[in-house]
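Heads up, the thing below is written out as structure tokens.
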Amino acid sequence: MNPIQAPFPATRLRRTRQNEGIRGLVRENALSTADLIWPLFVRSGEGVSEEIASMPGVFRRSVDRMVDAAREAHELGIGAICIFPYTGIEERTEDCAGAWDPENHANRAIRAIREAVPDMVIMTDVALDTYNINGHDGFVVDGEIVNDRTVEALVKMALSQARAGADIIGPSDMMDGRIGAIRQALEAEGHQNVMIQSYAAKYASAFYGPFRDAVGASGALTGNKKTYQMDPANSDEALRLVARDLSEGADMVMVKPGLAYLDICRRVKDAFGAPTFAYQVSGEYSMIKAAAAQGMIDEERVMMESLMAFKRAGCDGILTYFAPMAARILG
């Protein structure tokens, strides 16, 4: 684009910035509650709402309290939530069978929220890390995270979530071929309207630390995830992964983390035009909270500025722990 404009003083670009009304008229991007997806952590028990030390203001909730949170989201105009299970080390196994147990915390929460708040869009996470004794997203065999056997388990996990009433399945595991396998299984079982949001460009990032505390994976993880999550130095590879997952039947794609990878968001949106989402991950959230707690930044302004950055980069939606706070401001 080559904008044509008269030389100064005929053109004074400050004219369109002189007051809020005029700034609003020429604003290029807008943020609304419809753009927000609220990640929620479910755990065992009843009447439980425990704050996560490394994520101030974020809680692990029992199923009944998850229903309360879903009602809160609905009242605030947040249209979607994403459910992540917390599992203690005693709940984890080598075979990860809890991942597709119809009575696991996540599936119970899906059913309860579907009944209590029928209009809420429910997203899920598909990966074995929260059920795996090794803390990895896939099965570990002789030190290797094996791909094809893991995909078989991910299919079972996705089907259990679809049966529970999930609207959007979110494979975040980064195994090869899992989108096609899950799509085929969903179609075969009659879940043709269940969507797949592929975590297509998920990087092996240091920004995930607080999240691993939240789901109980910090102490369980052995080694690292660099053989299946993306190298932070790579950009073209992200486009190949997105192209593959769309060709296998993904309805929408995710870039994770968010703020440090806005260039990837922009490239994905420009290249494919598909619904593109980003995850403002736990480390990004906690850094803003920590700096605000020290009086170094204005929390509300930095939060809203960071969310607008996702829209400017081409994102259609944002997973963010700030969703309720942002929704109240936007309300």
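Please go through the stretch 185-238 and pick out each residue that is assigned to a loop (DSSP other than H, G, I, E, B) and of a type in the set (Lys, Arg). Of everything in the stretch 185-238, those that are assigned to a loop (DSSP other than H, G, I, E, B) and of a type in the set (Lys, Arg) turn out to be LYS225, LYS226.
With respect to ALA204, determine if the residue is modelled with pLDDT of 95 or more, of a type outside the set (Asp, Glu), out of contact with any Pro (no Cβ under 6 Å at 6 or more places or on another chain) and surrounded by fewer than 17 Cβ atoms within 10 Å (Cβ to Cβ).
On the way: modelled with pLDDT of 95 or more: yes; of a type outside the set (Asp, Glu): yes; out of contact with any Pro (no Cβ under 6 Å at 6 or more places or on another chain): yes; surrounded by fewer than 17 Cβ atoms within 10 Å (Cβ to Cβ): yes.
So ALA204 fits the description; yes.
When only residues in the stretch 1-34 that are among the aliphatic types (A, V, I, L, M) and not in a helix (DSSP H, G or I) count, which is surrounded by the most Cβ atoms within 10 Å (Cβ to Cβ)? Here the answer is LEU31. Among the criteria (1) more than 16 Å from ILE168 (Cα to Cα); (2) among the hydrophobic types (A, V, I, L, M, F, W, C); (3) in a strand (DSSP E or B), the one ILE83 does not fulfil is (1).
If the condition is being part of a strand (DSSP E or B), touching a residue at least 60 places away in the same chain (Cβ under 8 Å), of a type outside the set (A, V, I, L, M, F, W, C) and under 19 Å from ILE89 (Cα atoms), then the stretch 35-76 contributes only ARG60.
Taken over the stretch 317-331, the criterion of being buried (at least 17 other Cβ atoms within 10 Å of the Cβ) and not in a helix (DSSP H, G or I) is satisfied by GLY317, ILE318, LEU319, THR320, TYR321, PHE322. Which of the residues that make up the stretch 239-264 are over 28 Å from VAL140 (Cβ atoms), more than 17 Å from the chain's Cα centre (by Cα) and either touching a residue at least 12 places away in the same chain (Cβ under 8 Å) or part of a loop (DSSP other than H, G, I, E, B) (or both)? Those that are over 28 Å from VAL140 (Cβ atoms), more than 17 Å from the chain's Cα centre (by Cα) and either touching a residue at least 12 places away in the same chain (Cβ under 8 Å) or part of a loop (DSSP other than H, G, I, E, B) (or both): LEU239, ALA243, LEU246, ASP263. Residues of the stretch 82-95 that are touching a Ser or Thr at 6+ places or on another chain (Cβ under 9 Å) and either farther than 19 Å from VAL48 by Cβ or not hydroxyl-bearing (Ser, Thr, Tyr) (or both): CYS82, ILE83, PHE84, PRO85, GLY88, GLU91, ARG92. Within the set SER62, SER54, the sole residue that is closer than 23 Å to ARG114 by Cα, surrounded by 12 or more Cβ atoms within 10 Å (Cβ to Cβ) and of a type in the set (Ser, Thr, Tyr) turns out to be SER62. Test LEU159 against the criterion of being of a type outside the set (Gly, Ala, Ser), in contact with a His (Cβ under 8 Å, 6 or more places away or on another chain) and without any contact (Cβ under 8 Å) to a residue 60 or more places away in the chain, and give yes or no. For LEU159, the condition - of a type outside the set (Gly, Ala, Ser), in contact with a His (Cβ under 8 Å, 6 or more places away or on another chain) and without any contact (Cβ under 8 Å) to a residue 60 or more places away in the chain - is met.
Of all the listed residues (TYR279, TYR285), the sole one being touching a strand residue (DSSP E or B) at 6+ places or on another chain (Cβ under 7 Å), assigned to a helix (DSSP H, G or I), crowded, with 16+ Cβ neighbours inside 10 Å and modelled with pLDDT of 95 or more is TYR285. The residues on offer are ASP167, ASP245, ASP213, and the sole one that is buried (at least 16 other Cβ atoms within 10 Å of the Cβ) and at pLDDT below 95 is ASP213. Scan the stretch 102-113 for residues that are over 16 Å from PHE41 (Cα atoms) and part of a helix (DSSP H, G or I) and the total you get is 0. Among all positions in the stretch 307-316, there is at least one residue which is of a type in the set (D, E, K, R), under 20 Å from VAL242 (Cβ atoms) and not in a helix (DSSP H, G or I).
Please determine whether any residue of the stretch 265-273 is more than 14 Å from the chain's Cα centre (by Cα), over 26 Å from SER306 (Cβ atoms) and not in a strand (DSSP E or B). Within the stretch 265-273, not a single residue is more than 14 Å from the chain's Cα centre (by Cα), over 26 Å from SER306 (Cβ atoms) and not in a strand (DSSP E or B). The residues of the stretch 136-165 that are in a loop (DSSP other than H, G, I, E, B) and either among the hydrophobic types (A, V, I, L, M, F, W, C) or over 27 Å from ILE113 (Cβ atoms) (or both), listed by number, are HIS136, GLY138, PHE139, ASP142, GLY143, VAL146, ASN147. Every condition in (1) under 19 Å from the mean Cα position of the chain (by Cα); (2) without any contact (Cβ under 8 Å) to a residue 60 or more places away in the chain is met by ALA206 except one, and the failing one is (2).
The values are calculated or read from the model by the stated rules, or taken from the named source; none is laboratory data. Computed from a predicted model, the values in this text were never measured in an experiment. Glycine also receives a Cβ, built like all others from the backbone with ideal geometry; neighbour counts cover every protein chain displayed.
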